[in-house]
Protein chains: 2
Amino acid sequence: MPGNLLPIVQSVLRLRAQVSAWRERGASVALVPTMGALHDGHISLIRLAKIQADRVVASVFVNPRQFGVGEDFEAYPRTELADAQRLTEAGCDLMYAPPAAEMYPDGFSTTVSVRGVSEGLCGAARPGHFDGVATVVSKLLIQVAPDVAIFGEKDYQQLAVIRRLTRDLDLTPKIIGAPIARASDGLALSSRNAYLDDAQRARAPRMYRVLTEAALALSAGDPVERVQAAARAALDACGFDQVDYLEVRNADTLQPPPDGPITRTVRVLAAVRLGRTRLIDNVAAEPPR
Amino acid sequence: MPGNLLPIVQSVLRLRAQVSAWRERGASVALVPTMGALHDGHISLIRLAKIQADRVVASVFVNPRQFGVGEDFEAYPRTELADAQRLTEAGCDLMYAPPAAEMYPDGFSTTVSVRGVSEGLCGAARPGHFDGVATVVSKLLIQVAPDVAIFGEKDYQQLAVIRRLTRDLDLTPKIIGAPIARASDGLALSSRNAYLDDAQRARAPRMYRVLTEAALALSAGDPVERVQAAARAALDACGFDQVDYLEVRNADTLQPPPDGPITRTVRVLAAVRLGRTRLIDNVAAEPPR
């Protein structure tokens with residue numbers, strides 16, 4: 001028996017009216033920003049949101065400003081009806097799916113940019129990407145004004161950029177990073193996994209294995225540079241079409257840690273290409289006891 | 001009999017606590033952002049704010065990020081006690097005077113920038129200035145979250161930048177531009193007028209006369225290019241040490257209007273230097289009936 005879909009709003013005005021109505025009844029609100037093409041990773045964010053707040057808004061917006069020239073904006077999977085069904089099943093309270101003209105009306109001229117954490121890693125490979133992310137996330141946080149907003153740790157650098165802009169612009173939502181959801185073979189769930197053919201899909205989990213081994217070596221006290229060099233070599237040998245980066249970085253600042261055994265929590269991050277598909281992943285490593 | 005000064009807060013936390021307390025009692029709130037060194041122009045903004053809302057917050061913050069290298073950040077007049085007295089007399093309810101470390105704590109990395117209206121005019125003469133303005137005003141609007149925010153039309157391009165970012169970032173305050181307050185000889189009131197020696201002060205009002213004559217000619221139907229050229233020549237002959245610009249621009253977009261008689265409201269804007277002091281001013285011109 002198919003039930004009703006959750007309410008879907010397309011304008012800031014209606015979004016705010018609904019959020020205000022909840023607030024008047026004393027409800028707290030969580031936001032889960034997405035670009036749609038929802039998979040189990042997104043649903044895990046919705047579940048976490050439901051624990052954190054009384055009401056959950058999921059935004060579904062494929063943000064043109066965070067795609068570079070030659071990237072996959074046109075090809076990016078759009079599955080709005082299926083997304084609405086999955087959100088409904090997950091108990092999400094509202095889907096906010098603004099058209100591009102609602103987010104960026106004629107004359108739109110403003111950019112939010114974050115230096116520091118946005119540089120290097122994906123920022124080097126995708127110029128302008130994090131400006132697009134920072135701008136749209138600032139808008140979403142201001143539009144919804146939730147108590148908490150939840151982002152997956154798969155986009156770890158993005159999460160760092162969002163934490164930074166939230167603090168710097170005095171935005172009030174609490175930013176929560178959620179653990180990466182993975183397929184049974186370890187591949188991080190991503191809407192872009194849909195681009196992979198069978199052979200690529202079989203090769204893809206090798207990145208996670210390399211990251212995990214590197215994290216284990218770091219936690220065992222192996223020095224950063226040796227682990228990083230070995231992991232890069234291992235990733236290079238995995239048969240990916242390109243390795244954009246493999247880096248060990250401090251978990252909070254995203255700066256390179258000093259060489260030697262790690263003394264703070266770090267993150268091992270990588271990005272590779274399989275054909276035209278770009279995949280990213282990362283794994284935490286705690287310092288040796 | 002000196003009365004008590006108005007309450008002064010220095011932290012976002014205390015600011016928000018006060019604003020929340022007002023809101024709980026159903027009061028509306030206006031914000032008047034200033035860099036202190038308050039003069040009658042600022043006080044006219046406070047008076048307008050008191051008409052627009054139940055409670056008025058004036059921020060006093062000399063924003064380092066909107067001063068360029070070699071500009072007058074260090075020299076900019078600081079008169080905080082006198083400012084507090086003037087705000088008290090004007091009936092302002094709260095002075096928000098954050099230290100720089102409260103606005104830009106260690107690690108601060110975010111910039112709000114506005115293209116289009118920020119380009120040319122003062123944007124050309126002061127690279128980075130409007131990024132500094134857009135960033136601090138975004139923060140103030142988010143920190144205070146007022147119903148209305150009031151800015152003087154003297155900084156006309158700044159007002160356009162602020163209107164743009166408010167719309168683009170979906171900020172909720174209504175932005176109100178307030179008429180320019182002038183000395184009896186026409187000179188626009190400015191904290192920087194304090195830098196002028198007697199001879200410079202005597203020369204300064206000539207800019208306003210040139211702007212007024214240009215606006216009258218435009219309203220009489222004289223073509224834009226002719227008026228602009230004549231006004232530039234007149235301004236060049238005023239004895240200023242430098243003329244940064246004199247421009248006729250559409251009042252809303254700040255784009256140059258087509259040549260010929262004006263058909264929409266325009267603004268005639270100028271910036272000049274007297275010694276090391278940079279003065280700006282502008283005057284509206286309505287199209288001929």
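Using the Cβ atoms and a cut-off under 12 Å, what net charge is assigned to the surroundings of A:Asp170, where Lys and Arg are +1 and Asp and Glu are -1? Could you put the intermediate results ahead of the total?
Numbers: positive: A:Arg167, B:Arg16, B:Lys139; negative: A:Asp168, B:Glu102.
So the environment of A:Asp170 carries a net charge of +1.
Over the alpha-carbon set of the stretch A:1-72, work out the extent along each principal axis and list the three values in angstrom, largest first.
47, 30, 28
Along Cα-to-Cβ, 7 Å out, sits the label point; list in nm, shortest first, how far the one on A:Arg115 is from those in the other copies.
Those separations, rounded to one decimal, come out as 2.1 nm.
When Lys and Arg each count +1 and Asp and Glu each count -1, what net charge do the other residues less than 11 Å away from B:Pro205, Cβ to Cβ, add up to?
Counting the neighbours of B:Pro205, the net charge comes to +3.
For chain A, set up a GNM with springs between Cα atoms under 10 Å and report which of A:Asp54, A:Asp198, A:Asp93 has the largest fluctuation.
With Cα springs under 10 Å in chain A, the top fluctuation among A:Asp54, A:Asp198, A:Asp93 is at A:Asp198.
Can you list, shortest first in nanometers, how far A:Arg209 lies from the same residue in the other copies, with each label 7 Å from Cα toward Cβ?
Computed spacing set for this position: 8.5 nm.
Zone of A:Asp72 (label point 7 Å along Cα→Cβ, backbone N under 17 Å): which residues in the stretch A:246-289?
A:270-282
Give the chain B residue with the shortest beta-carbon distance to the rotation axis relating chain B to chain A, plus that distance as a whole number of Å.
B:Val112, 3
Tally Lys/Arg at +1 and Asp/Glu at -1 over every other residue whose Cβ is under 14 Å from the Cβ of B:Ala75; what's the total?
Surrounding charge for B:Ala75 is +1.
Run through the stretch A:1-99 and list the GluC sites (Glu not before Pro) located in a DSSP loop whose Cβ has at most 12 other Cβ atoms within 10 Å.
A:Glu74
Any idea what the dipole of the stretch B:8-178 comes to, in debye rounded to 20, about its Cα centre with Lys/Arg Cβ at +1 and Asp/Glu Cβ at -1?
Working: 18 positive and 19 negative charges, 91 e Å.
Computed charge dipole of the stretch B:8-178: roughly 440 debye.
Only sites in a loop by DSSP and with at most 15 other Cβ atoms within 10 Å count here; which trypsin sites (Lys or Arg not before Pro) in the stretch A:7-43 make the cut?
A:Arg25
Cut-off 10 angstrom, C-alpha nodes, Gaussian network model of chain A. Which of A:Ala160, A:Ala125, A:Ala97 fluctuates the most?
Checking each option, the largest mean-square fluctuation is seen for A:Ala125.
State the number of lysine pairs found in the protein assembly as shown whose Cα atoms come within less than 23 Å, restricting to pairs 8 or more positions apart or on distinct chains.
15
So who's got an amide H within less than 5 Å of the one on B:Ala178, skipping anything under 5 residues away but keeping other chains? H placed 1.01 Å off N, in plane.
Sorted by chain and number, the residues that satisfy this are B:Phe151, B:Gly152, B:Glu153.
Starting from the Cα gyration tensor of the stretch B:16-114, multiply each eigenvalue by 5, take the square root, and state the resulting semi-axes largest first in whole Å. Before the final figure, lay out each step's value.
Working: eigenvalues 128, 68, 28 Å².
For the stretch B:16-114, the semi-axes come out at 25, 18, 12 Å.
State the answer as a single residue: which of A:Tyr245, A:Ser20, A:Ile162 lies farthest towards the positive end of the charge dipole of the protein assembly as shown, with beta carbon charges of +1 for Lys and Arg and -1 for Asp and Glu, about the Cα centre.
Checking the options against the dipole of the protein assembly as shown, the answer is A:Ser20.
Would you please give the residues with an amide H less than 5 Å from that of B:Val29, counting only those at least 5 places away or on a separate chain, with H modeled from the backbone geometry?
Residues meeting the amide H criterion: B:Asp54, B:Arg55, B:Asp147, B:Val148.
Using only alpha carbon positions, build the gyration tensor of chain A, then give the equivalent ellipsoid semi-axes as the square roots of 5 times its eigenvalues, largest first, whole angstrom.
Values for chain A, descending: 33, 21, 19 Å.
So if I average 1/r over every pair of distinct C-alpha atoms in the stretch B:8-178 and take the inverse, what Kirkwood radius in Å does that give?
About 16.3 Å, per the Kirkwood formula over Cα pairs.
Most mobile of B:Gly221, B:Gly152, B:Gly26 per a Gaussian network model of chain B (Cα springs, under 10 Å)?
In this elastic network of chain B, the residue with the biggest mean-square fluctuation among B:Gly221, B:Gly152, B:Gly26 is B:Gly26.
Span-like helices, chain B: DSSP H, alpha-carbon axial extent 15 Å or more, mean Kyte-Doolittle -1.0 or greater, which ones?
Values: long enough: B:12-24 (18 Å, -0.20); B:40-52 (18 Å, 0.24); B:129-144 (22 Å, 1.09); B:156-168 (18 Å, -0.61); B:206-219 (20 Å, 0.54); B:224-236 (18 Å, 0.13).
Membrane-span-like by this rule: B:12-24, B:40-52, B:129-144, B:156-168, B:206-219, B:224-236.
Tell me the relative contact order for chain A as a rounded percent, counting alpha carbon contacts under 8 Å between residues six or more apart.
16 percent.
For the protein assembly as shown, with only Lys/Arg (+1) and Asp/Glu (-1) charged at the beta-carbon, what is the dipole magnitude about the Cα centre, in debye rounded to 20?
700
Kirkwood Rh over alpha-carbon pairs of the stretch B:191-283, then Stokes-Einstein at 4 °C and 1.567 mPa s: what D in µm² s⁻¹, rounded to an integer? Working shown, then result.
Working: Rh = 13.5 Å.
My calculation gives 96 µm²/s for D.
Could you work out [θ]222 nm for chain B from helices alone, using -39500 (n - 2.57) per DSSP H run of at least four and dividing by all its residues? Round to the nearest 500 deg cm²/dmol.
The per-residue figure over chain B is -11000 deg cm²/dmol.
For B:Gln10, place a label point 7 Å out from Cα along the Cα→Cβ vector, do the same in each other copy, and report the separations in nm, one decimal, smallest first.
For B:Gln10, the other copies' label points sit at 5.2 nm, shortest first.
Just need the Rg to Rh number for the stretch B:247-286, please, alpha carbons only, Kirkwood Rh.
1.09
Expressed as cubic angstrom per residue, what is the convex hull volume of the alpha carbon set of the protein assembly as shown?
In the protein assembly as shown, the Cα hull volume divided by residue count equals 196 Å³.
All of the numbers you see were taken from the coordinates with simple rules; none came from a lab. Note that the structure is predicted; figures quoted are calculated from it, not measured. Because the Cβ atoms are built from the backbone with ideal geometry, glycine has one as well, and the counts that use them run over all protein chains shown.
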